Amino acid sequence: MAKFDIAVIVGSLRRESFNRKLAHALVKLGPADFSFKQLEIGDLPLYNQDDDASNAEVVKRFKADITAAKGVLFFTPEYNRSIPGVLKNAIDHASRPYGQSVWKGKPAGVLGASVGPMGTALAQQHLRNVLAYLDMPTLGQPEAFLHFKEGLVDEAGNIGPASKEFLQGWMNQYVAWVKRHVS
Ligand SMILES: Cc1cc2nc3c(=O)[nH]c(=O)nc-3n(C[C@H](O)[C@H](O)[C@H](O)COP(=O)(O)O)c2cc1C
């Protein structure tokens, strides 16, 4: 049975999202004592501070899933050199009310794939800034700036051979990072 439940958040709502394909393939590289649950963020309302005292059920569910997780994996597309609004919206929801953020202390991993060769580097840097403020210890190395091209994820939904060693190494570092930060 898994001892480490990890929440997976994909910052794209697109049906054929490359980042979602990457997420599904990457979690297969996790060890037996880790389980991964992708959280829906597309059904969260736009964050409105007026609703802090009476969150919608979907918001409560999202926060409960983060609370229950031992760590969080973020897969972000890059939109206009930053993170997509839907991802920021989800992060904001679970950071409030003030003083009751559920992100604090959760060991995070950040990855992203884009059609451009810079592989979401700028979006990831913006995301790291937010996660630092939220007091989430975030794996620094290796960085995972992925250019989504033929073969990164194969037809069976697995990481392709050219990236397998690198991404298995990434997963191994993240697993060690979670174990170091979870008491
Ligand atoms: C609004 C918008 C802005 C974008 N801005 C960038 C960008 O700044 N850098 C980049 O590499 N790709 C950019 N792209 C292209 C994305 O990398 C591409 O749409 C990618 O497939 C998004 O990830 P997804 O497949 O997981 O949805 C942008 C796409 C959209 C729709």
**Request:** Search segment 58-74 for residues that are within 21 Å of GLY30 (Cβ to Cβ) and pair each with any residue that is at pLDDT below 95 and not aliphatic (A, V, I, L, M) when their beta-carbon atoms are under 9 Å apart and the residues are at least 6 apart or on different chains.
**Result:** LYS70/LYS3
**Asked** Can you name the residue in segment 69-81 that is surrounded by 18 or more Cβ atoms within 10 Å (Cβ to Cβ) and not aromatic (Phe, Trp, Tyr) and is also farthest from the ligand (Cβ to nearest atom) among such residues?
**Response** LYS70
**Pairs with Cβ under 7 Å, 6+ apart, first in segment 138-150 and within 20 Å of LYS21 (Cα to Cα), second of a type outside the set (A, V, I, L, M, F, W, C) and loosely packed, with under 12 Cβ neighbours inside 10 Å** = HIS147/PRO117
**Complete:** Note on segment 108-143: residues at pLDDT 95 or above, more than 21 Å from VAL86 (Cα to Cα) and not polar (S, T, N, Q) are PRO137, LEU139, GLY140, PRO142, GLU143
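Within segment 86-106, how many residues turn out to be in a helix (DSSP H, G or I) and open to solvent by less than 30 Å² (accessible area, probe 1.4 Å)?
So the answer is 5.
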**Asked** Any idea how many residues of segment 27-56 are touching a strand residue (DSSP E or B) at 6+ places or on another chain (Cβ under 7 Å) and either more than 21 Å from ALA68 (Cβ to Cβ) or open to solvent by 100 Å² or more (accessible area, probe 1.4 Å) (or both)?
**Response** 2
**Prompt:** Only one residue in GLY119, GLY140, GLY109, GLY157 is touching a Gly at 6+ places or on another chain (Cβ under 8 Å), part of a loop (DSSP other than H, G, I, E, B) and open to solvent by less than 40 Å² (accessible area, probe 1.4 Å), so which one is that?
**Reply:** GLY119
**Any hit, segment 138-155, residues being over 27 Å from ASP33 (Cα atoms) and touching a helix residue (DSSP H, G or I) at 6+ places or on another chain (Cβ under 9 Å)** = yes
**Request:** Have a look at ARG14, ARG61, ARG20 and point out the one that is farther than 24 Å from ARG180 by Cβ, in a loop (DSSP other than H, G, I, E, B) and open to solvent by 10 Å² or more (accessible area, probe 1.4 Å).
**Result:** ARG14
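The values are calculated or read from the model by the stated rules, or taken from the named source; none is laboratory data. Here the structure is a predicted model, which means the values were calculated and not measured. Using ideal geometry, Cβ is built from the backbone for each residue, glycine included, and neighbour counts are taken over all protein chains shown. All accessible areas refer to the heavy atoms of the entire protein, side chains included, with ligands and DNA or RNA removed. Shrake-Rupley method; radii C 1.70, N 1.55, O 1.52, S 1.80 Å.
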